[in-house]
Amino acid sequence: MGGFFGVASKEDCVFDLFFGIDYHSHLGTRRGGMVVYGEGGYDRSIHNIENAPFRTKFDKDMQEMSGRIGIGCISDYEPQPLLIRSHHGTFAITTVSKINNMDELSTMLFENEHSHFLEMSGGDINATEMIAALINRKENLIDGIRYALEMVDGSVSVLLMNDKGIYAARDLHGRTPVVIGRKEGAFCVSFENFAYKNLGYSDYKELGPGEIVALTDEGCATLAVPGDDMKICTFLWVYYGYPSSSYEGVGVEEMRYACGRKMAQRDNVHPDIVAGVPDSGIAHAIGYANESGIPFSRPFIKYTPTWPRSFMPTIQSQRNLIARMKLLAVEELIRDKSLLLIDDSIVRGTQLRETTEFLYQSGAREVHIRPACPPLLFGCKYLNFSRSSSEMDLITRRMIDRLEDGNVTDAVLEEYADPESEQYGRMVDEICRELNFTTLRYNRLDDMLDAVGIEKCKLCTYCWNGK
């Protein structure tokens, strides 16, 4: 997906910027970038971070850069921040975005005499460059940013920096978060609110849907008031968010404990231990164990000192291999035991099947699987959730296609999304057999939304029910 961070300070901002960006490393694995504005003008650096973390790649840049204003990002896709020169002057821009109508927008811009876009290696247009082009269609930056938010089918949150300060804008429907922090002599803007706490900032405000603000070292001014139509991604709490993050006043770790409790209240199995798939399943498992009274244990450990993240390689087989090699069994906690294992979700099913086989090979008697969210039936239209090229990559869709002999319609999918329906039960049974689980029981959508605790109409649930 990706994340960003920006600082406007009375003093040099590079230290805060460097570590603020680095605290977003859990959101992307491909590229990092930072740009500052100082006495010498703009200074920018972008590096590939697929084989080394952000801190390692940018350590030298941090020592050499200086400036009182800066923005930067971790990106899973396009290189950014970009430096743009237009009738607005020179500005730097970075986004967290997914643009579904890229072809329509590019055609519209070409017809209105936009000359060209730089093509990325995959033949795609850089999404951040597209946002900059849309902004430049208007006579001032505020109107341009608002126009860009309105024109995108998908989602986009923006940081734009010029020599005066930083403009920050949250997605029109609030699908991703943007938060402001404050300390003496400085303001910062961040995707994750925990990213600035250790740097001495305290919470100042969380932007609402479509809100645009201007940041300087003196303060934060609202330029476009927030709208009422909030559709924040629920998966931020389930998986994406770091445990110390919070969105809309609800902590990620707190939500995951509540999620586990809800799952335990509906379950009827009696395993010897409850465990979470490292790392994102652990908090859900703690909530389940606390509610059920079944001991929490760590039957396998993820070896992290040298292994890169499991989803870093672009080739699926390599990702699966790395994920398997990172897990080390604690055989004394597995042998002859009945285990209940909680993961954040089941997407393709490949890694969880191999994890289950790994547990059986280590002596497990039973492996009961409990995903912390409902079955994923739709590919996300709003965030770069995965690099899947087709919804048929989802194990649910493959099973439904098999059960329905390829006759899958929206009405059919609606039946499979209902946990009370016969079709839902058949799908879950098929997945359970396919992946060789002892039992499989997904979390229910209503229980998961209750665990978040904010108004349900403000939460996006598209990947589970198409709404």
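Considering only residues of segment 108-138 that are assigned to a loop (DSSP other than H, G, I, E, B) and in contact with a helix residue (DSSP H, G or I) (Cβ under 7 Å, 6 or more places away or on another chain), which is surrounded by the most Cβ atoms within 10 Å (Cβ to Cβ)? Walk me through how you get there before you give the answer.
Keep residues of segment 108-138 that are assigned to a loop (DSSP other than H, G, I, E, B), which gives 112-118, 120-124, 126, 136-138.
Still in the running and in contact with a helix residue (DSSP H, G or I) (Cβ under 7 Å, 6 or more places away or on another chain): 114, 117-118, 136-138.
Values: 114: 15, 117: 16, 118: 9, 136: 20, 137: 16, 138: 16.
Only one residue tops the list, namely 136.
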Candidate set: segment 416-433, residues that are in a helix (DSSP H, G or I) and more than 28 Å from the chain's Cα centre (by Cα); chosen: the one nearest to residue 448 (Cα to Cα): 425
Answer from 148, 168, 133, 127 - the residue that is among the aliphatic types (A, V, I, L, M) and in contact with an Asp or Glu (Cβ under 6 Å, 6 or more places away or on another chain): 127
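Check 172, 149, 160, 105 and return the single one that is in contact (Cβ under 8 Å) with a residue 12 or more places away in the chain, in a loop (DSSP other than H, G, I, E, B), assigned by TED's automatic domain parsing to the domain that holds residue 220 and touching a strand residue (DSSP E or B) at 6+ places or on another chain (Cβ under 9 Å).
Details: 149 fails: in a loop (DSSP other than H, G, I, E, B); 160 fails: in a loop (DSSP other than H, G, I, E, B); 105 fails: in a loop (DSSP other than H, G, I, E, B).
Among 172, 149, 160, 105, only 172 is in contact (Cβ under 8 Å) with a residue 12 or more places away in the chain, in a loop (DSSP other than H, G, I, E, B), assigned by TED's automatic domain parsing to the domain that holds residue 220 and touching a strand residue (DSSP E or B) at 6+ places or on another chain (Cβ under 9 Å).
Go through segment 30-45 and count every residue that is surrounded by 21 or more Cβ atoms within 10 Å (Cβ to Cβ) and of a type outside the set (Phe, Trp, Tyr). Quick ask: steps written out before the conclusion?
Here is the first cut: in segment 30-45, the ones surrounded by 21 or more Cβ atoms within 10 Å (Cβ to Cβ) are 31-37.
Still in the list and also of a type outside the set (Phe, Trp, Tyr): 31-36.
Looking only at that region, the number is 6.
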Failed condition for residue 27, given (1) closer than 23 Å to residue 155 by Cα; (2) of a type outside the set (Gly, Ala, Ser); (3) modelled with pLDDT under 95; (4) surrounded by 24 or more Cβ atoms within 10 Å (Cβ to Cβ): (4)
Residue satisfying all of: in segment 402-415; without any contact (Cβ under 8 Å) to a residue 12 or more places away in the chain and assigned to a helix (DSSP H, G or I); surrounded by the fewest Cβ atoms within 10 Å (Cβ to Cβ) among these: 411
Within segment 233-268, tally of residues that are touching a strand residue (DSSP E or B) at 6+ places or on another chain (Cβ under 6 Å) and either surrounded by fewer than 18 Cβ atoms within 10 Å (Cβ to Cβ) or not in a helix (DSSP H, G or I) (or both): 2
Elements of type strands (runs of 3 or more DSSP E) in segment 1-63, at least 3 residues being more than 19 Å from residue 177 (Cβ to Cβ) and either of a type in the set (D, E, K, R) or not assigned by TED's automatic domain parsing to the domain that holds residue 382 (or both): 31-38, 41-48
Any hit, segment 272-279, residues being closer than 28 Å to residue 151 by Cα and of a type in the set (Asp, Glu): no
Any chance residue 65 is touching a helix residue (DSSP H, G or I) at 6+ places or on another chain (Cβ under 7 Å) and either crowded, with 24+ Cβ neighbours inside 10 Å or in contact (Cβ under 8 Å) with a residue 60 or more places away in the chain (or both): no
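I'm checking my understanding of the structure. Among residues of segment 269-300 that are hydrophobic (A, V, I, L, M, F, W, C) and touching a Gly at 6+ places or on another chain (Cβ under 9 Å), which one is surrounded by the fewest Cβ atoms within 10 Å (Cβ to Cβ)? Talk me through it step by step, then tell me what you get.
Going residue by residue through segment 269-300, those that are hydrophobic (A, V, I, L, M, F, W, C) are 269, 273-275, 277, 282-283, 285-286, 289, 294, 296, 300.
From what is left, the residues that are touching a Gly at 6+ places or on another chain (Cβ under 9 Å) are 274-275, 282-283, 285-286, 289, 296.
Working: 274: 27, 275: 27, 282: 22, 283: 23, 285: 29, 286: 19, 289: 22, 296: 17.
Here the answer is 296.
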Test result for residue 390, of a type in the set (Gly, Ala, Ser) and more than 22 Å from residue 350 (Cβ to Cβ): no
Residue in segment 136-145 that is at pLDDT below 95 and polar (S, T, N, Q) present: no
Residue in segment 37-45 that is in contact with a Lys or Arg (Cβ under 8 Å, 6 or more places away or on another chain) and of a type outside the set (Phe, Trp, Tyr) present: yes
Candidate set from segment 346-361 (those that are farther than 15 Å from residue 439 by Cα and at pLDDT 90 or above); member that is surrounded by the most Cβ atoms within 10 Å (Cβ to Cβ): 347
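The values are calculated or read from the model by the stated rules, or taken from the named source; none is laboratory data. Model, not experiment: these values are computed from the prediction. Positions of Cβ are backbone-derived with ideal geometry, glycine not excepted, and every protein chain shown enters the neighbour counts.
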